[in-house]
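Asker: Sharing a structure with you now.
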Amino acid sequence: MSASLRQVRRRIKSVEGTKKMTHAMEMVAAAKLKRLQDLLACSNRYISELARMLRTLVREKPLAHPLLAERAEVKRTLVFLITSDTGLCGSYNSNVIDRANQFLTSRGFTSSIQFITLGRNGAAYLKRNKQTVLRELAIPRPQQVDGMIREVTKIATESFANQETDETVFIYTHVQSLASLKPRICMLFPIESSIPQEPQGFFEPVPVDYILEPDLDQILEIILPEYIETTVAQFVKHALVAEQASRMMAMRQATDNAKKMIDSLTLLRNKVRQATITKELIEVVSGSRAQKER
């Protein structure tokens, strides 16, 4: 067997091993994606209803809650940047980091912006660019997501309520569909700026005179913390779903590329083997003729 044929066969075996690995990683990402999609679907309707209730309360009368008040001047901004801990997820990290870079550029790379990162890739980028990273949080497993959401909510709420920051922003990847993953910059605090507006339909909504029991302030004390935590949960869950969707698609593409490479190498192997056999036949025929001519 010629050395070139052995090399081709060795190469085919190597690519087949890579294909098995990428296919397994695709299956793992798909399983994680399904679990996270279920978590996200459960909270989508809930957050929309909370936002509707909060819009109603805000319309009732001006509210003086410290988490609702806009600061006269924004001097300090706290940004939560959500990336991944690991790679092999296509352009997921680079896209959201580009969005963070656009945000920094729009603010003039000022030192008044401080970051808390969820995911090592974001932290590494910010440190390379001499940005202030107050804290680095690891991306949790799906069963640990709720604990991290509570921790992030507590950090964000306390820093704004204690006037350590004047606004709180999340930069993450929003899932419109598995084929459309869009990096976003979303405001969390002040709350009034972050409440999504009611979609405009054909008919204008009819004003309703609500009877509130107990009073508005007591209702707000219950609804507001729930809205904040659920909003943070949406940001985090969207980012986690986007990461696994990106990883699944990247591994599927890698598997497809490996299949194409194997097909190409198999064709090359057959050509090399055919050429080797032809060469050996020619040598046998030539040797036979030489024997007859003697």
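Computed from the coordinates by the stated procedures, all read-outs in this text should not be read as laboratory data. Predicted, not measured: the structure shown is a model, and the values here were computed from it. Neighbour counts run over all protein chains shown; Cβ positions are idealised from the backbone, glycine included.
Asker: Using the Kirkwood radius built from alpha carbon pairs, what does the Stokes-Einstein equation give as D for segment 117-178 at 25 °C and 0.890 mPa s, in µm² per second?
Answerer: For these conditions, the coefficient is 182 µm²/s.
Asker: Among T56, T168, T276, which one shows the highest mean-square fluctuation when the chain is modelled as a Gaussian network with alpha-carbon springs under 10 Å?
Answerer: Most flexible of the set in this elastic network: T276.
Asker: Among the lysines, which have Cα under 24 Å from the Cα of K260 when same-chain residues fewer than 8 positions away are ignored?
Answerer: Straight-line reach from K260, under 24 Å: K13, K19, K20, K271.
Asker: Contour minus end-to-end for E70 and Q144, with contour as 0.36 nm per residue of separation and end-to-end as the Cα-Cα distance?
Answerer: 23.3 nm
Asker: Shifting gears a bit: Would you please name the trypsin sites (Lys or Arg not before Pro) within segment 1-108 that are DSSP coil residues with at most 12 other C-beta atoms within 10 Å of their C-beta?
Answerer: Listed in order of number, the matching sites are K75.
Asker: Could you give the longest part of the chain that holds none of the chymotrypsin sites (Phe, Trp or Tyr not before Pro) found in DSSP loops with at most 13 neighbouring Cβ atoms within 10 Å?
Answerer: Answer - 1-108.
Asker: Mind checking segment 67-160 for GluC sites (Glu not before Pro) that DSSP puts in a loop (not H, G, I, E or B) and that have at most 14 other Cβ atoms within 10 Å?
Answerer: E70, E73
Asker: Mean residue ellipticity at 222 nm from the helices of the chain, using -39,500 (n - 2.57) per DSSP H segment of n ≥ 4 over the full residue count, to the nearest 500 deg cm²/dmol?
Answerer: Result for the chain, helices only: -22000 deg cm²/dmol.
Asker: Please list the helices of the chain that count as membrane-span-like by this rule: a mean Kyte-Doolittle hydropathy of at least -1.0 together with Cα atoms stretching 18 Å or more along the helix axis, each helix being a complete DSSP H run.
Answerer: Once both thresholds are applied, what remains is 3-60, 92-106, 145-161, 216-293.
Asker: In debye to the nearest 20, how big a dipole does the chain give about its Cα centre with +1 on each Lys and Arg Cβ and -1 on each Asp and Glu Cβ?
Answerer: 3280
Asker: Give me the net charge for the shell around P183: Cβ to Cβ below 14 angstrom, other residues only, Lys and Arg +1, Asp and Glu -1.
Answerer: +1
Asker: Turning to a different aspect of this structure: May I ask for the distance between the Cα centers of segment 1-50 and segment 247-278, given as a whole number of Å?
Answerer: What the calculation gives is 19 Å, centre to centre.
Asker: Can I ask one more? Once Lys and Arg get +1 and Asp and Glu get -1 on their Cβ, which of P225, A123, L267 lies farthest toward the positive end of the dipole of the chain?
Answerer: Going by the Cα projections, it comes out as L267.
Asker: Taking Cα extents along the principal axes in Å as the quantity of interest, determine which of (i) 67, 47, 36; (ii) 70, 37, 34; (iii) 117, 44, 35 was computed from the displayed structure.
Answerer: Recomputing Cα extents along the principal axes in Å here picks out (iii).
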